[in-house]
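The values are calculated or read from the model by the stated rules, or taken from the named source; none is laboratory data. A quick note: this is a predicted structure, and the numbers were derived from the prediction, not measured. No Cβ is skipped: glycine too gets one built from the backbone with ideal geometry, and neighbour counts run over all protein chains shown. Calculation scope for accessible area: heavy atoms of the full protein, side chains included, ligands and nucleic acids excluded. Shrake-Rupley method; radii C 1.70, N 1.55, O 1.52, S 1.80 Å.
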Amino acid sequence: MTNESGDLMEKIVSLCKRRGFIFQSSEIYGGLNGCWDYGPLGVELKRNVKNAWWDTIVRQRDDMVGLDSSIIMNPRVWEASGHVSSFNDPMADCKTCKSRFRADQVFCATARDGDNVLLTAAVEADQPDDVPALASEKANSKTRRRLEQHADRIAWTIFRADQAPAGEVAVCPKCGGELTEARKFNMMFKTYVGAMEDSSSLAYLRPETAQGIFANFRNVVDTSRVKLPFGIAQIGKSFRNEINPRNFTFRSREFEQMEIEFFCRPDEADRWYEYWRDARYQWYIDLGLTSDKLRLREHEPSELAHYAKACADVEYAFPFGTAELEGCANRTDFDLRSHSEASGKDLSYYDDETKERFIPYVIEPSAGADRATLAFLCEAYSEDEAPDENGVMQKRVVMKFHPRLAPVKAAVFPLVKKEGMPEMAEEIYRALKKAGLAVFYDEKGAVGRRYRRQDEVGTPYCVTVDGQSLTDGTVTIRDRDSLEQVRVPAGEVVRFITERLAGA
Ligand code: ATP
């Protein structure tokens, strides 16, 4: 992470804490690594993200049904899915400082200018592309200048800690000590069901919601009159004992997923794969990830899992590097076939029209609610200037959330706490609440300060009752982004705001 982007991430994390978006879990006891709590504003933001997903994926479509399956399932599910044997990440420890790393996310980089070695450094990164910038940060200022000035002739050699070429040793990103060989670590959390703690009661917290969908495929087909092609969608908590949780909520041990399994005929799978890949990418753009930080990356054939025919990631350039928000894969008939074989239950589909029986192919767009929320937070964060009550320009932090995602849609202020202004403001506040909007009432402090507090949490509209309101019944509505203020009759405020939110 460069200094500048490190500062930006720090500002976002600190705003999240200061304004009640995201807190460290069990903070009063020193926290718990990889676990986070969403505060009053964060829970609204994340709920809006999940509702936007559910609305687009389930409510607005004719070919999708929803599901809410249990977190703890029969452990045979995870044997059949392959998670018991292979849901592993490579883990390596530093022989000197004892820090532990995910070996596929530690990169050792060397920068050469001709025969001259300018820098060797190890860094943690989600993507190899980010390595040169991250490694340069570790150089002294003189070397860094050289790396920048001669960027076009500098050659970088980079290897992953678990793929060190013969003769090379992977080193620790923290202290430079030697790393151990990578060994496999299964990321499923184990627990025991019932009173006995032995192998017969061993169970797992689900590491993904997807398997609950496959396990219910037969139930849904038999009860819901669905016909191919159709999908089953689920939002829910998943748990992974990540070796090294980091980058705020991006890599947590407890997180929420939003997953679709879309079943189709094998000969239509390529077309549906392309459809879902593009539709899911567009969803983020429609909700405000409009910058070039968002990208769609098709996997190379060498990156594909053995059962997958195609896979693409929706990625976002976070301040800490570019990383996956969602993966979309054509998983063929691998999952239904594995569960059918392991359970002995028929998970095929009979097509009345073609009179064929077959195991459907599945397209899986798998997203993380916390990662999406973090991307929306990062994209929204901006600093600009706005005039205070005396018309003097002041720096402000403004969260430019898409209005649909903004945790508070409108704030209502009486300009001063007298002359009947609070009563009129309160009436508008009640009317907005009755219309189903998340609204905030504030009568404390200078109005400019109240505006800035709302800008900082991304409230799209601020309604102010002032002296003129008492004589002509109009109020001002201030737009968060354009800073324009319009006068609207008090009775029109609900319509004005709801119309604009609906059109956003
Ligand atoms: P990564 O390579 O980043 O570990 P993954 O490829 O293992 O992710 P998937 O198994 O495809 O992730 O999970 C689907 C989605 O679930 C991810 O795109 C991400 O949004 C979310 N997700 C996965 N692991 C985590 C985590 N530890 N914390 C937060 N979200 C996660």
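So here's what we get for this one:
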{"quantity": "Residue-normalised accessible area of the stretch 89-186, given per residue in Å² at a 1.4 Å probe", "calculated": "55 Å²"}
{"quantity": "Contour minus Cα-Cα distance for ASN216 and GLU389 (0.36 nm per residue)", "calculated": "56.4 nm"}
{"quantity": "Pair TRP156, TYR275: separation of 7 Å Cα→Cβ label points (nm)", "calculated": "3.9 nm"}
{"quantity": "Between the stretch 293-371 and the stretch 216-234, the Cα center-to-center distance that results, in Å", "calculated": "17 Å"}
{"quantity": "Percent carbon-and-sulfur accessible area, the chain, ignoring ligands, DNA and RNA, probe 1.4 Å", "calculated": "48 percent"}
{"quantity": "Listed residues MET188, MET196 arranged by accessible area, highest first, probe 1.4 Å", "calculated": "MET196, MET188"}
{"quantity": "GLU274 - accessible surface, heavy atoms, 1.4 Å probe, Å² rounded to 10", "calculated": "90 Å²"}
{"quantity": "Residue-averaged 222 nm ellipticity for the chain, from DSSP H runs of 4+ at -39500 (n - 2.57), nearest 500", "calculated": "-9000 deg cm²/dmol"}
{"quantity": "Between the stretch 261-281 and the stretch 5-52, the Cα center-to-center distance that results, in Å", "calculated": "34 Å"}
{"quantity": "Solvent-accessible surface (1.4 angstrom probe) belonging to MET64, in square angstrom, nearest 10", "calculated": "10 Å²"}
{"quantity": "Alpha-carbon spread of the stretch 89-186, three principal axes, descending order, Å", "calculated": "44, 24, 22"}
{"quantity": "For the chain: rounded, prolate or oblate by the Cα gyration tensor [a/c cutoff 1.5]", "calculated": "oblate"}
{"quantity": "Surface accessible to a 1.4 Å probe, ARG246 within the full protein complex, Å²", "calculated": "40 Å²"}
{"quantity": "Heavy-atom SASA rank of ASP126, ASP370, ASP352 (probe 1.4 Å, accessible area, largest first)", "calculated": "ASP352, ASP126, ASP370"}
{"quantity": "Cys residues of the chain counted as unpaired, since no other Cys beta-carbon is under 4.7 Å", "calculated": "CYS16, CYS35, CYS108, CYS264, CYS311, CYS328, CYS378, CYS462"}
{"quantity": "Vicinal HN-Hα couplings computed from phi for the stretch 377-388 (Karplus, 6.51 cos²θ - 1.76 cosθ + 1.60; Hz; Gly/Pro x)", "calculated": "5, 5, 5, 6, 5, 9, 10, 8, 10, 9, x, 7"}
{"quantity": "Largest-first ordering by accessible area, 1.4 Å probe, given options LYS409, LYS95, LYS293", "calculated": "LYS95, LYS293, LYS409"}
